[in-house]
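K.L.:
Below you'll find the structure I mean.
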Amino acid sequence: MATQASRTASRLMLSPAVVLLFLWMIVPLGMTVYFSFLRFNLLMPGTEEFTGFENYLYFFTDPAFWPALVNTLTLVLGVLVITVLGGVGLAVLLDQPMWGQGIVRILVIAPFLVMPSVSALVWKNMLMNPVNGLFAAAARGLGLEPFDFFAEAPLASIITIVAWQWLPFATLILLTALQSLDREQMEAAEMDGAGPFWRFLHLTVPHLMRAITVVVLIQTIFLLSVFAEILVTTNGGPGTASTTLTFLVYMQSMLQFDVGLGSAGGIVAVILANIVAIFLMRMIGKNLET
Amino acid sequence: MGEIVLSQVKKSFGGISIIQGIDLTIEDGEFVVFVGPSGCGKSTLLRLIAGLEDTSSGTIAIDGRDATRLPPARRGLAMVFQSYALYPHMTVGKNIAFPLRMAGMPKEEQERKVEAAAKVLNLTPYLDRRPSQLSGGQRQRVAIGRAIVREPSAFLFDEPLSNLDAALRVSMRQEISELHQSLKTTMVYVTHDQVEAMTMADKIVVLNAGRIEQVGSPLELYKTPANLFVAGFIGSPKMNFIEGAEAAKHAAHTLGVRPEHVDIAADGPWKGVVGISEHLGSDTFLKVQVEGIGPLTVRAGGEVRLRHGDPVSLAPQTGKLHRFDAAGKTIAA
Ligand SMILES: Nc1ncnc2c1ncn2[C@@H]1O[C@H](COP(=O)(O)OP(=O)(O)OP(=O)(O)O)[C@@H](O)[C@H]1O
Ligand SMILES: [Mg+2]
């Protein structure tokens, strides 16, 4: 697409799609912004009126707001740390030549293909359940008191489940990156007297930085909106111990039928996501430049 | 010091024998070149010496010490790879310093050595650049720099110049020869470019299908090839091979004569017709279809005015014929 004419033509042909995508994004966002300035409760139809920033005020002063913000960031950060570290480890292991490599790789990818609500239910009822769960059985087998995961450590349990789901994604991306690492570089380092640890630190890790950046950016987007896992396990509780911003918005708009407050929460979540994104791009975005 | 002795070294990959019993002594300070056709096992042999591959059997001794089971880092050898294998995330200076850093050398000493190496290789202005910001020749020099700072007992080169363009290849070739003259360290150099082999080597090792065909100085190989393979491999253009009645006249199964050892002479015994001719300015290479013998390549002077289809008489220079028996071995004169 070098000539002026072909560039114009390509723009013209692209424009319907761009316009559609733009509307697709801007209409819901605009409506959410609009609702967030209304008193809009589904239990009191016909009483909608403009209230300015009142919804935002309520949202920020909600006793659940600060815990939800902290929980959201903890969840995102916790899952990122586990998946990146675990992903690097698994990728390095899977990169070793071994028997049954193909099957093992498919097995590793499997958790990613399970629906979030299903995997959360499996974890809740079959693994972490204090009465019927495998972990409880194991604890009893060792003569220990079974641990009630969702009551004692709700957020940590959810982080575990979500990390389990996202570990395959990180592993897969990092494994592909690892496979593009030049073998001769490794051999050169070996001849230069670098042992496995130094080779990992000086060659593998810098080589993986770009893939790690991609993993962190993509996962952050999805982790900020984790919902199903919370809904089917702890329902945000006990108290607000596992309530995230997404879940708080859900509780306010769906459980209290307050569309205005929910919308305000939604906008706050959007702004938070953007802050996180800007922060991340500042911090690690330079890794994406060639 | 840098004497490397291979005895009965064998290597097979998954049951396929690639290196089939190599006995070779590389003297201290020698420039040894491995040549051979693609896939004959040159790189594999070099990697066996480096320790990047394990031998299947046989022993490798470096400076009189058995190094067969030593890890690469402990063999005291440095290798320069075809792809340069520079560390892309480190500056040129850090690349060169890397082996020193791994050896735990103090910082000031590292810097001193890196600067000295950079000066020898004309890399001083580039020490703060990344490898990706360098040209091919500069990258190659960084790779060499990384090798020389370690002061290894021998350098191993695996086709280090094959990614460079022709002009750069010639100048880097001379730089490496120069380096060998000043360092006097053993160098083992793999190439499939026989010009590199002939110009740089003290000793050439001709490999074929995992075996050594002949070992000798460039001129020995040129003048007295041990067999058909070496005769055909060393020398450019290739030696002409003649079979049948003409060979039988000289009591040989195959007769070999190099293009430069055939003269155009009005009373020559071989009559033929000129085919295509390649004019290089200094030389002209003629393809001549000789009656009863077949096509021959002939080197003539730069000013030859023969055209396609012209008749020509040829005479081989006396004493420059090579005779081979049915097994391809040279028959002693
Ligand atoms: N890791 C390996 N596994 C299996 N076979 C191998 C391996 N490395 C090399 N080979 C085989 O060994 C033979 C020799 O390979 P090698 O790389 O030594 O050839 P080479 O002489 O260096 O050729 P070239 O001039 O093309 O570089 C080839 O047939 C190759 O297929
Ligand atoms: Mg090779």
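The values are calculated or read from the model by the stated rules, or taken from the named source; none is laboratory data. Small disclaimer: the values here were computed from a predicted structure and weren't measured. So basically every Cβ, Gly included, is an ideal-geometry build from the backbone, and we count neighbours across all protein chains shown. Accessible surface areas use protein heavy atoms only, side chains included; no ligands, DNA or RNA. Shrake-Rupley method; radii C 1.70, N 1.55, O 1.52, S 1.80 Å.
K.L.:
Provide the percentage of antiparallel DSSP beta bridges, counting only those with both residues in chain B; round to the nearest 5.
P.N.:
Percentage antiparallel, nearest 5: 75.
K.L.:
Is the C-alpha gyration tensor of the stretch A:6-148 telling us rounded, prolate or oblate? Criteria: a/c under 1.5 is rounded; beyond that, a/b larger than b/c is prolate, otherwise oblate.
P.N.:
Oblate.
K.L.:
Same structure, new question: List the trypsin sites (Lys or Arg not before Pro) within the stretch B:232-333 that fall in a DSSP loop (any state other than H, G, I, E or B) and whose Cβ has at most 10 other Cβ atoms within 10 Å.
P.N.:
B:305, B:307
K.L.:
Within the stretch B:217-242, find all residues whose amide N lies under 16 Å from a label point positioned 7 Å from the Cα of residue B:25 along Cα-to-beta-carbon.
P.N.:
Correct set: B:217.
K.L.:
Taking a cut-off of 19 Å between Cα atoms, list the aspartates and glutamates near residue A:124, but don't count ones fewer than 8 places away on the same chain.
P.N.:
A:145, A:148, A:152, A:229
K.L.:
Now for a different question. Using the membrane-span-like helix rule (whole DSSP H runs, Cα extent along the own axis of at least 24 Å, mean Kyte-Doolittle hydropathy at least 1.6), which helices of chain A qualify?
P.N.:
Result, helices passing both filters: A:65-95, A:205-223, A:259-284.
K.L.:
Oh, and also: Give me the one-decimal nm value for the distance between modelled label points at residue B:103 and residue B:7, 7 Å along each residue's Cα-to-Cβ direction.
P.N.:
In this crude label model, residue B:103 to residue B:7 measures out at 2.9 nm.
K.L.:
Which residues does the label zone of residue B:280 cover in the stretch B:170-214, counting backbone N under 13 Å from a point 7 Å along Cα→Cβ?
P.N.:
Only B:194-196 pass the distance filter.
K.L.:
With +1 assigned to the C-beta of every Lys and Arg and -1 to the C-beta of every Asp and Glu, and no other charges, what is the dipole magnitude of the stretch B:4-230 about the Cα centre in debye, to the nearest 20?
P.N.:
Dipole magnitude for the stretch B:4-230 comes out near 620 debye.
K.L.:
Counting each pair of different Cα atoms once, what's the Kirkwood radius of the stretch B:238-324 in Å, rounded to one decimal?
P.N.:
With all distinct Cα pairs of the stretch B:238-324 included, I get 12.9 Å.
K.L.:
Over the stretch B:238-324, with the other protein chains present, what is the accessible area per residue in square angstrom, probe 1.4 angstrom?
P.N.:
Averaged over the residues of the stretch B:238-324, the accessible area is 53 Å².
K.L.:
While we're here: Checking an interface number: how much accessible area is buried between A and B, summed over both chains, with a 1.4 Å probe, in Å² rounded to 100?
P.N.:
Summed over both sides, the interface buries about 1700 Å².
K.L.:
Pop a pseudo-label 7 angstrom from the Cα along the beta-carbon direction at both residue A:257 and residue B:69 and give the gap in nm to one decimal.
P.N.:
8.2
K.L.:
When chain B is modelled as a GNM with alpha-carbon springs shorter than 10 Å, which of B:25, B:44, B:186 fluctuates the most?
P.N.:
B:25
K.L.:
Which value in nm describes the separation of the simple spin-label points at residue B:57 and residue A:109, placed 7 Å from the Cα toward the beta carbon?
P.N.:
4.3
K.L.:
Given A:213, A:6, A:126, which one lies farthest toward the positive end of the charge dipole of chain A, if we put +1 on the Cβ of every Lys and Arg and -1 on the Cβ of every Asp and Glu?
P.N.:
About the Cα centre, the residue reaching furthest to the positive side is A:6.
K.L.:
Projecting each Cα onto the charge dipole of the stretch B:43-114 (Lys/Arg +1, Asp/Glu -1 at the beta carbon, about the Cα centre), which of B:77, B:55, B:90 comes out farthest on the positive side?
P.N.:
The one lying farthest along the dipole's positive direction is B:90.
K.L.:
For chain B, what is the calculated [θ] at 222 nm in deg cm²/dmol (nearest 500), taking -39500 (n - 2.57) for each run of four or more DSSP H residues and dividing by its residue count?
P.N.:
My calculation for chain B gives -8000 deg cm²/dmol from helical runs alone.
K.L.:
Suppose we compare each residue of the stretch A:193-221 in its chain alone and in the full protein complex with a 1.4 Å probe; which ones drop by at least 50 Å² of accessible area?
P.N.:
A:202
K.L.:
Considering only protein heavy atoms and a 1.4 Å probe, what is the carbon-and-sulfur percentage of the accessible area of the protein assembly as shown?
P.N.:
63
K.L.:
Identify, among B:256, B:190, B:240, the residue whose Cα sits farthest towards the positive end of the charge dipole of chain B, taking +1 on the Cβ of Lys and Arg and -1 on the Cβ of Asp and Glu, with the dipole about the Cα centre.
P.N.:
Selected residue: B:190.
K.L.:
Please report, in debye to the nearest 20, how large the charge dipole of the stretch B:238-324 is about its Cα centre when each Lys and Arg carries +1 at its beta carbon and each Asp and Glu carries -1 there.
P.N.:
160
K.L.:
Assigning unit charges at the beta carbon (Lys, Arg +1; Asp, Glu -1) and nothing else, what dipole magnitude in debye, to the nearest 20, does the protein assembly as shown show about its Cα centre?
P.N.:
460
K.L.:
Only sites in a loop by DSSP and with at most 16 other Cβ atoms within 10 Å count here; which trypsin sites (Lys or Arg not before Pro) in the stretch B:144-191 make the cut?
P.N.:
B:184
K.L.:
Compute the Kirkwood hydrodynamic radius of the stretch A:160-279, taking the inverse of the mean of 1/r over all pairs of distinct Cα atoms, and give it in Å to one decimal.
P.N.:
Kirkwood hydrodynamic radius for the stretch A:160-279: 17.4 Å.
K.L.:
Further question: Can you list the aspartates and glutamates whose alpha carbon is less than 15 Å from that of residue B:271, not counting same-chain residues fewer than 8 positions off?
P.N.:
Once the sequence-local aspartates and glutamates are set aside, what remains near residue B:271 is B:246, B:263, B:291, B:310.
K.L.:
Specify, per residue and in Å³, the volume enclosed by the convex hull of the alpha carbon atoms belonging to the stretch B:4-230.
P.N.:
126
K.L.:
Residue B:326 label point, 7 Å along Cα→Cβ, cut-off 12 Å on backbone N: hits in the stretch B:244-268?
P.N.:
B:253-254
K.L.:
In deg cm²/dmol, rounded to 500, what helix-only [θ] at 222 nm does chain A give when every DSSP H run of at least 4 residues adds -39500 (n - 2.57) and the total is split over its residues?
P.N.:
Per the formula, -22500 deg cm²/dmol.
K.L.:
Right, another one. Please report the base-10 log of the normalised intensity I(q)/I(0) for the protein assembly as shown, using a Debye sum with one equal scatterer per alpha carbon and no solvent, at each q in 0.06, 0.07, 0.10 (1/Å).
P.N.:
-0.58, -0.71, -1.02
K.L.:
At a 1.4 Å probe radius, which order do A:99, A:66, A:198, A:164 fall into by accessible area, largest first?
P.N.:
Largest accessible area first, the residues go A:99, A:66, A:198, A:164.
K.L.:
Ok, one more. Working from the pairwise distances between different alpha carbons, so that the mean of 1/r is found and then inverted, what is the stretch A:65-242's Kirkwood radius in Å?
P.N.:
Taking the inverse mean of 1/r over all distinct Cα pairs, the stretch A:65-242 comes out at 18.0 Å.
K.L.:
List the trypsin sites (Lys or Arg not before Pro) within the stretch A:1-91 that DSSP assigns to loop and that have no more than 10 neighbouring Cβ atoms inside 10 Å.
P.N.:
For trypsin sites (Lys or Arg not before Pro) across the stretch A:1-91 that sit outside H, G, I, E and B with at most 10 neighbouring Cβ atoms in 10 Å, the list is empty.
K.L.:
If you don't mind, there's one more thing I want to ask. Determine the relative contact order of the stretch A:25-146: mean sequence separation of Cα pairs under 8 Å and six or more apart, normalised by residue count, in whole percent.
P.N.:
8
K.L.:
Run the reach check for residue B:203 against lysines, Cα to Cα strictly under 25 Å, same-chain hits fewer than 8 apart removed. What comes back?
P.N.:
Those lysines meeting the cut-off are B:10, B:11, B:42, B:184, B:223, B:238, B:320, B:329.
K.L.:
Between the stretch B:70-149 and the stretch B:1-58, what is the C-alpha centre distance in whole Å?
P.N.:
One Cα centre to the other: 26 Å.
K.L.:
Rounded to whole Å, give me the distance from the Cα center of the stretch B:170-220 to that of the stretch A:206-281.
P.N.:
The distance from the Cα centre of the stretch B:170-220 to that of the stretch A:206-281 comes to 65 Å.
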